[in-house]
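I have placed the structure first, in the form of structure tokens, so that the comments after it can refer back to it.
The values are calculated or read from the model by the stated rules, or taken from the named source; none is laboratory data. What you are looking at is a predicted structure, and each value in this text was computed from that prediction instead of being measured. Positions of Cβ are generated from backbone atoms using ideal geometry, with glycine treated the same way; all protein chains shown enter the neighbour counts. When the accessible area is computed, the model is the full protein with side chains, heavy atoms only, and any ligands, DNA or RNA have been set aside. Shrake-Rupley method; radii C 1.70, N 1.55, O 1.52, S 1.80 Å.
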Amino acid sequence: MNAENPGRIVLLTASHRVAPGLLSWPAWQALHAADRVLCPDAGHPQLPYLREAGVAVEILRPAADELVEACAGGRTVVVLPSGEGDQALTDGLARMAGSGRFAMPDLELLPGSYDLPGARLLDLVQVMDRIRRECPWTSQQTHKGLAKYGIEEAYELVEAIEEGDREALREELGDVLLQVVFHARIAEEDAEEPFSVDDVAGTLVEKLVHRHPHVFGDATAETPEDVKAHWLRTKAAEKQRDSVTDGVPLGQPGLALAAKLAGRVRTAGLDVAPPAGDGIGYELLALAVRAEAAGIDPEAALRAAGRVYRDAIRAAEGLE
């Protein structure tokens, strides 16, 4: 080997979440300037684009000593690792360097492309697609059968938020996201009205842009109240509702339902007092309306009190 100038090895990596051929300028510079470009995988997705760009690629899986020898005399060799990586090669280079008996080339890890924010969502969609096709349980699920899990995951998310548990919050957000991706994957199979997760995301993007004219249009909003007013006006125009109660799900928890109705009444400027009657239901309704008027979420307030009650019970049991 040439001990004075052992050369240079460039390990060029690229994210599988970025379209092949979309490499960074430093990556293209390294490829065009290299003495040799090696790739152990004849099916590597970058190969057609490299060849189109005039980069000669040798399909070869070199051993560590062979790669070091190829760099001798000041040559630069670029290696495109396979999708699974080339652990044997990197381990072999590490052993050679650690032995102290070899003049090692400079080793550079060059990212040819980077993940964009949200890129891991592509992985999630791919994993969900495979599970739907190959898992005996997942492949049999329906929208209706999964509905209860959506409710459970939403409550677990709320609990993580109220407990201030950041680790749980991250996990529960993932579980809620799973429900969205799962339902969207099932919806692709509908014979009459199929849609995909891209359709779900596209609809949401359109809605957000349309309901934020102060961000994406010419409207102005200086305060959160201005933003809310924009949102309500736009939403009302979209839905064309006959009643302020339209769109309020009656199946939600009772206190949340009462607070939601009271909020709709207050926002619309209607003078509708909560009905009076006998029984705890009417008393709870009045409390929920009072809480909403004071800016308090009655469900959250009751849950907070419930946690205190739980702690008192555990203390009485000698568990605290």
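Pairs are defined by a Cβ separation below 9 Å, a sequence spacing of at least 6 or placement on different chains, a first member in the stretch 147-163 that is open to solvent by 50 Å² or more (accessible area, probe 1.4 Å), and a second member that is among the aromatic types (F, W, Y); the pairs so defined are Y149/F182.
How many residues does the stretch 74-102 contain that are in a loop (DSSP other than H, G, I, E, B), open to solvent by 50 Å² or more (accessible area, probe 1.4 Å) and farther than 13 Å from R36 by Cα?
5
Filter the stretch 56-73 down to the residues that are touching a strand residue (DSSP E or B) at 6+ places or on another chain (Cβ under 6 Å) and within 18 Å of A27 (Cα to Cα), then identify the one that is least open to solvent (accessible area, probe 1.4 Å). Checking each candidate, the answer is V57. Remark: pairs (first residue in the stretch 259-279, closer than 18 Å to K235 by Cβ; second residue loosely packed, with under 10 Cβ neighbours inside 10 Å; Cβ separation under 9 Å; 6+ apart in sequence or on different chains) = K260/P249; R264/S243; R264/L270; V265/D271.
Consider the stretch 17-38. How many of its residues are touching a residue at least 40 places away in the same chain (Cβ under 8 Å), in a loop (DSSP other than H, G, I, E, B), touching a helix residue (DSSP H, G or I) at 6+ places or on another chain (Cβ under 9 Å) and not hydrophobic (A, V, I, L, M, F, W, C)? So that I can check it myself, show each step before the final result.
Initial filter on the stretch 17-38 (touching a residue at least 40 places away in the same chain (Cβ under 8 Å)): 17-18, 22-24, 26-27, 30-31, 33-38.
Within this subset, residues satisfying the condition of being in a loop (DSSP other than H, G, I, E, B) are 17-18, 22-24, 34-35.
Then drop every residue that is not touching a helix residue (DSSP H, G or I) at 6+ places or on another chain (Cβ under 9 Å), which leaves 17, 22-23, 35.
From what is left, the residues that are not hydrophobic (A, V, I, L, M, F, W, C) are 17, 35.
Going through the stretch 17-38 one residue at a time, the tally reaches 2.
Pairs only if they're at least six apart or on different chains, beta carbon under 8 angstrom, first in the stretch 237-251 and part of a loop (DSSP other than H, G, I, E, B), second charged (D, E, K, R); list them, first residue then second. That search, which allows pairs on different chains as well, returns V244/R264; T245/R264; D246/K239; G247/K239; G247/R241; V248/K260; V248/R264. Of all residues in the stretch 288-314, those satisfying the criterion of being free of Cβ contacts under 8 Å to residues at least 12 places away in the same chain and open to solvent by 60 Å² or more (accessible area, probe 1.4 Å) are R290, A294, G295, I296, V308, Y309, R310, D311, I313, R314. Being among the hydrophobic types (A, V, I, L, M, F, W, C), in contact with a helix residue (DSSP H, G or I) (Cβ under 8 Å, 6 or more places away or on another chain) and surrounded by fewer than 13 Cβ atoms within 10 Å (Cβ to Cβ) holds for only one residue in L169, L177, L250, and it is L250.
Select from the stretch 135-182 the residues that are aromatic (F, W, Y) and within 16 Å of the chain's Cα centre (by Cα) and list them in ascending order.
Of all residues in the stretch 135-182, those aromatic (F, W, Y) come to 137, 149, 155, 182.
Of everything in the stretch 135-182, just one residue is aromatic (F, W, Y) and within 16 Å of the chain's Cα centre (by Cα), namely F182.
Any residue in the stretch 203-228 that's open to solvent by 70 Å² or more (accessible area, probe 1.4 Å): show its pairings with residues that are polar (S, T, N, Q) at Cβ separation under 8 Å, as long as the two are six or more apart or on different chains. Here the result reads H210/T234, each pair linking the stretch 203-228 to a residue that is polar (S, T, N, Q).
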